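Nothing in this text is a laboratory measurement; each read-out follows from the coordinates by a stated rule. Just so we're clear, the structure is a prediction, and the values are computed from it rather than from any experiment. Quick reminder, even Gly has a Cβ in these numbers, built from the backbone with ideal geometry, and neighbours come from all protein chains shown.
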Amino acid sequence: MQKAMEGKPVTIYDIAKKAGVSASSVSRVVNNKPGVNPETREKIKKLLKEYNYVANEAARGLVTKSNRMVGILISDIRSIHLTEGVWEITRILSSKGYCTLILNTGNTDEGRAEGVRTMEERSVDALILMGSMFENPRVQEAIVQYMPGKPVFIMNGYLNLPNVQGVVSNERSGIHSCVDLLAQKGRRRLCYISDNMSRISSRSKKLGFQEGIRANYGEDIPYYIYENVSADMTGGFGAMMKALHEHPDIDGVICSMDILACGALQAIREAGRSVPRDISVIGVDNSEFAETCYPRLTSLDNMIIESSVEISTRVISNLEGSPSSVRKIMLFTRIMERDTT
């Protein structure tokens, strides 16, 4: 608890009076600014500690025009993959003295747009949007309306606005490489299982699959796509069971998310098939699911940690006066091969 002087909270003016210095000198020490000689700085620090002085961030924000608060919007906080990125971002920002405000928006574009408005009401200095689901016209309108002058950063997405920067993974070519791998393994009848196709990234991954098919097998070979599947194990299980019933010759599967692939693996086992002897399976995300499921899942790493580091670095640079002129950066994916191929 803050030690009081005459029943009132301690202020920099109280500390200045005790130290026999100006309030501006105390302010420089509190804010770790130069301009105070070492002996005086040490004296002020001892008094700050003795009286348990705590800076009033709201008052500081009025002066500096900054709350050192960064907002993070996530559609579904249960997503292990994206929360790994949130954890990394908060860790880096915290090490530089920034606080984060995390809001779960829900899975509607209106909810995501409302999240932008809420963050502006909380006076955040910058906003991070976790995932390509924020790459839509409604969110773009909300940014223009509520945060036109503040920096906004999108994970695996981009909006063409002057204050928006995006860090994108090349999942389209990454999925193409997954098809290449299955072709090298001798697989001939491939299936693609995808979550919500309304997202740009989902459509991009589907295109990568189709391009990989044409490049490796030509135009005439059949392939099978099951899309708009519920983004959970149940969705992957149901889609895989349906695929095996309709096309029992399937010998290679790519799922747009690791959790879908985990459901697919369960369906394959229940159908009496063996992985990878009969069917090879690849997921996307390189999440914890890939390491903990059985067999361990081959997965396309879409660089969530590297993307989080890049976004955090950009946020800090922007807020500290050195914004990047590059508004969109692409990171290259890689296949992490494990036991399912």
message = If you take volume of the Cα convex hull per residue in Å³ from the coordinates, which of (i) 244; (ii) 161; (iii) 217 do you get?
response = (ii)
Region 221-275: C-alpha gyration tensor shape, a/c 1.5 cut-off, then a/b vs b/c = oblate
ask   = With a sphere of radius 13 Å drawn around the Cβ of ASN196, what net charge do the other residues whose Cβ falls strictly inside it have (Lys, Arg +1; Asp, Glu -1)?
value = -2
query = Which FRET efficiency, nearest 0.05, do ARG296 and LYS45 yield, Cβ-Cβ r, R0 56 Å?
reply = 0.60
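Which order do the peptides 78-86, 262-270, 281-289 take when ranked by the mean count of other beta-carbon atoms within 10 Å per residue, highest first?
Put in order of decreasing packing, that is 281-289, 262-270, 78-86.
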note = Among ILE193, CYS255, ILE213, the residue whose Cα sits farthest towards the positive end of the charge dipole of region 171-301, when +1 is placed on the Cβ of each Lys and Arg and -1 on the Cβ of each Asp and Glu, is ILE213
note = The set of residues whose placed amide H lies less than 5 Å from the amide H of THR100, leaving out same-chain residues fewer than 5 positions away, is VAL70
note = Net charge near GLY35 (other residues with Cβ under 13 Å of its Cβ; Lys, Arg +1; Asp, Glu -1) is +3
message = Between GLU211 and GLU141, how high is the FRET efficiency from 1/(1 + (r/R0)^6) when r is the Cβ-Cβ distance and R₀ = 41 Å? Nearest 0.05.
response = 0.80
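Relative contact order of region 171-301: what whole-number percent is it, with Cα pairs under 8 angstrom and at least 6 residues apart?
Reported relative contact order: 25 percent.
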note = Going residue by residue through region 185-199, the Karplus relation 6.51 cos²θ - 1.76 cosθ + 1.60 with θ = phi - 60° gives ³J(HN,Hα) values, rounded to whole Hz and with x marking Gly or Pro, of 7, x, 7, 10, 10, 9, 10, 10, 10, 10, 7, 4, 7, 6, 7
inquiry  = Could you derive backbone 3J(HN,Hα) for region 332-341 from the dihedral phi with the Karplus parameters 6.51, -1.76 and 1.60 (θ = phi - 60°), listing whole Hz in sequence and x where the residue is Gly or Pro?
reply    = 8, 6, 8, 8, 9, 7, 10, 8, 8, 10
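Rounded, prolate or oblate: which fits region 171-301, taking a ≥ b ≥ c as square roots of the Cα gyration tensor eigenvalues, rounded meaning a/c under 1.5, else prolate when a/b beats b/c?
rounded
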key: Cβ-placed point charges (K, R +1; D, E -1), dipole of the chain about Cα centre in debye, nearest 20   = 1540
Ordering of 18-30, 215-227, 126-138 by burial proxy (mean other Cβ atoms within 10 Å per residue, highest first) = 126-138, 18-30, 215-227
key: Relative contact order (%) - the chain, alpha-carbon pairs under 8 angstrom, separation at least six   = 14
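Counting only helical runs of four or more DSSP H residues, what would the 222 nm mean residue ellipticity of the chain come to if each run contributes -39,500 (n - 2.57) and the total is spread over all its residues?
Value at 222 nm, helices only: -14000 deg cm²/dmol.
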request  = List every residue whose amide H lies under 5 Å from the amide H of GLY252, counting only residues 5 or more places away in sequence or on a different chain, with H placed 1.01 Å from N in the peptide plane.
outcome  = ARG189, CYS191, SER280
query = For GLU270, what is the net charge nearby, where nearby means another residue's Cβ is under 14 Å from its Cβ and Lys, Arg count +1, Asp, Glu -1?
reply = +2
inquiry  = Under 10 Å, Cα contacts only: if you run a Gaussian network model on the chain, which one of PRO162, PRO295, PRO34 comes out with the highest mean-square fluctuation?
reply    = PRO34
note = Connecting every pair of Cα atoms under 10 Å apart in the chain and solving the GNM, the largest mean-square fluctuation among GLY111, GLY35, GLY252 falls on GLY35
Nonlocal amide H pairs with LEU331, under 5 Å, H built at 1.01 Å = VAL168, SER169, ASN170
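In the chain, what % of DSSP beta bridges are antiparallel (nearest 5)? Before the final figure, lay out the partial values.
Values: 5 of 41 bridges.
In the chain, approximately 10 percent of DSSP beta bridges are antiparallel ones.
Mind checking which helices in the chain clear 27 Å along their axis (Cα) and have mean Kyte-Doolittle hydropathy of 1.6 or more, DSSP H runs only?
Helices meeting the span and hydropathy rule in the chain: none at all.
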